[in-house]
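Shown next, in structure tokens, is the structure this report addresses.
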Amino acid sequence: MLEAIDVAARIPAQDLERARAFYAEKLGLEPVEERPGGLRYRCGDGWFAIFQSAGAPSGAHTQMGFEVADIEATVDELRRRGVVFEEYDVPGLSTVNGIAEVAGNYPSKGAAGERAAWFRDSEGNLLGIGQAAR
């Protein structure tokens, strides 16, 4: 059995300085650690790293998600900062003003469902935000 003491996301960036600017200006996040070829961020109880990569993300699936207490307020604030949210209208998933009602399955905690929204960072990574159903 894997007995991890922590878990974190690693997000590729073709242009690390462009990514740093996006995460600072659009999301209000600053790195807590900088190394050649990478930046590490603390967010809530977790952390994630952005690393220099020659490859491009597929952008076809959510690469990292943020859990928030108030999704409407978060979406409104991020829009004010210039973040553009994805709109979906496919079987089983549709958004209204960028926010979808996700049925009680993965990735929600306790199978209660969640409200979710998605956007792309400066490098094309698909990021999500979610609020647990109440």
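The values are calculated or read from the model by the stated rules, or taken from the named source; none is laboratory data. These numbers come from a predicted model, not from an experiment. Glycine also receives a Cβ, built like all others from the backbone with ideal geometry; neighbour counts cover every protein chain displayed. Side chains included, ligands, DNA and RNA excluded: accessible areas come from the protein's heavy atoms. Shrake-Rupley method; radii C 1.70, N 1.55, O 1.52, S 1.80 Å.
Can you tell me which residue is modelled with the lowest pLDDT among those in region 92-110 that are surrounded by 15 or more Cβ atoms within 10 Å (Cβ to Cβ) and among the small types (Gly, Ala, Ser)?
Within region 92-110, the subset surrounded by 15 or more Cβ atoms within 10 Å (Cβ to Cβ) is 95, 98-100, 102, 108.
This time we only want the ones that are among the small types (Gly, Ala, Ser), so: 98, 100, 108.
Values: Gly98: 95, Ala100: 92, Ser108: 58.
Per the stated criteria, the residue is Ser108.
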When the residues of region 13-51 are filtered to those that are acidic (Asp, Glu) and farther than 18 Å from Glu123 by Cα, which remaining residue is least open to solvent (accessible area, probe 1.4 Å)?
Glu33
Which condition breaks for Glu77 when tested against (1) touching a residue at least 40 places away in the same chain (Cβ under 8 Å); (2) more than 20 Å from Val102 (Cβ to Cβ)?
(1)
Pairs with Cβ under 6 Å, 6+ apart, first in region 111-134 and open to solvent by less than 20 Å² (accessible area, probe 1.4 Å), second hydroxyl-bearing (Ser, Thr, Tyr):
Leu126/Thr62; Gly128/Thr62; Ile129/Thr74
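Given the residues Asp89, Asp6, Asp76, which is the only one that is under 24 Å from Ala132 (Cβ atoms), surrounded by fewer than 14 Cβ atoms within 10 Å (Cβ to Cβ), among the charged types (D, E, K, R) and modelled with pLDDT of 95 or more? Break it down into steps so the answer makes sense when it comes.
On the way: Asp89 fails: modelled with pLDDT of 95 or more; Asp6 fails: modelled with pLDDT of 95 or more.
The match here is Asp76.
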